[in-house]
């Protein structure tokens with residue numbers, strides 16, 4: 001998993017807590033304590049996949065585009081981190097039974113792990129994250 005996953009969840013949660021108004025990338029980046037360019041990259045990805053909408057100019061910014069119950073953490077994982085669990089195998093000796101097969105064997109094992117992760121992450125929506133945030137206040 002990479003930081004884009006957590007930044008996407010952070011950004012969507014921030015926007016979900018302000019459904020009635022636009023939020024700027026600067027405000028979101030200040031909340032996440034990252035450079036605005038990093039947030040803009042993540043926001044661009046979220047916009048491309050229809051999770052958010054944007055408006056340029058004065059009074060512009062970003063706003064959540066979907067129902068909070070619709071967006072689950074697996075959806076976000078798939079656009080930010082798909083395949084991140086796959087092990088990075090170095091070049092192996094193809095003449096060795098282990099070297100010739102290790103990458104495929106590990107790929108299949110970790111593909112299964114990613115499927116299990118997906119089942120778990122699908123249980124949590126942005127609405128759930130918002131509710132957890134509100135309970136922490």
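Every read-out reported here was derived from the displayed coordinates using simple, explicitly stated rules and does not represent laboratory data. Since this is a predicted model, take the numbers as computed values, not measurements. Every residue, glycine among them, receives a Cβ derived from its backbone with ideal geometry; neighbour counts consider all protein chains shown.
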Rounded, prolate or oblate (a/c below 1.5 giving rounded, otherwise prolate when a/b exceeds b/c) for the stretch 65-123 by Cα gyration tensor: prolate
Calculated [θ] (222 nm, deg cm²/dmol) that DSSP helices of n ≥ 4 give over the chain, each run adding -39,500 (n - 2.57): -18500 deg cm²/dmol
C-alpha long axis of helix 3-16 to longest principal axis of the chain, angle in °: 30 degrees
Exposure proxy order (Cβ contacts within 10 Å, fewest to most) of 73, 19: 19, 73
Of 54, 81, 31, the one that fluctuates the most in a GNM where the chain has Cα springs shorter than 10 Å: 31
Fluctuation leader among 14, 77, 120 - the chain, Gaussian network, Cα springs under 10 angstrom: 120
Distance in nm between pseudo-label sites at residue 86 and residue 17 (7 Å out along the Cβ direction from Cα): 3.6 nm
Helix 36-48 axis, angle to the chain major axis (alpha carbon atoms, nearest 10°): 80 degrees
Residue with peak Gaussian network fluctuation, the chain [Cα springs, cutoff 10 Å], from 108, 72, 93: 93
Residue 110-residue 31 FRET efficiency (beta carbon distance; Förster radius 41 Å; 0.05 resolution): 0.80
Percent RCO, i.e. relative contact order, over the stretch 27-90, from Cα pairs under 8 Å lying at least 6 residues apart: 17 percent
Cβ-Cβ FRET estimate between residue 53 and residue 123, R0 fixed at 25 Å, reported to 0.05: 0.40
Cα centroid separation - the stretch 1-37 against the stretch 107-127, whole Å: 23 Å
Using alpha-carbon coordinates, inclination of helix 97-121 to the longest axis of the chain, degrees: 30 degrees
Per-selection metrics, the stretch 3-136 (Cα): Rg and Dmax in Å: 18.6, 64
